[in-house]
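**Q** Starting off with a structure, shown below.
What follows is calculated from the coordinates using simple rules that are stated; it is not laboratory data. Since we're looking at a predicted model, the values are computed, not measured. Cβ sites come from the backbone with ideal geometry, for glycine too, and all protein chains shown count toward neighbours.
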Amino acid sequence: MSAFADQEGGDHYKSLPIQPMEYGMANGLDPLQFSILKYVTRFRKKNGLGDLLKAKHCLEMLIEWELKCPSTPSKTKSV
């Protein structure tokens, strides 16, 4: 059995055709991008508004990182 077909600690990803981790790895997402994806994907089945607030916090950190780190490749430096 594939590790991607299994889930520890709940079943909030079981009904999805692809788990967020598999999607994130296949698309080369960084940790903040992945966390945003994970929290938004599961919020209705796990922690509701709490997960959306976590996603918002991660998005705020990602924006701050992109604005402060000119060495990080980004196509959207202007705000």
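**Q** Label the range 18-68 by shape, choosing from rounded, prolate and oblate, from the square roots a ≥ b ≥ c of the eigenvalues of the Cα gyration tensor; if a/c is under 1.5 it is rounded, and otherwise prolate applies when a/b is larger than b/c, oblate when it is not. All intermediate terms of the calculation are to be shown ahead of the outcome.
**A** On the way: a/c = 4.27, a/b = 1.14, b/c = 3.75.
Since a/c reaches 1.5 but b/c is at least a/b, the shape of the range 18-68 is classed as oblate.
**Q** Follow-up question, since we're still on this one. Points 7 angstrom from Cα along the Cβ direction at Leu49 and Leu16: gap in nanometres?
**A** Between Leu49 and Leu16, the label points sit 2.3 nm apart.
**Q** May I ask which of Lys14/Lys56; Lys46/Lys68; Lys14/Lys46 have a Cα-Cα span longer than 21 Å here?
**A** Values: Lys14/Lys56 24 Å; Lys46/Lys68 33 Å; Lys14/Lys46 12 Å.
Exceeds cut-off: Lys14/Lys56; Lys46/Lys68.
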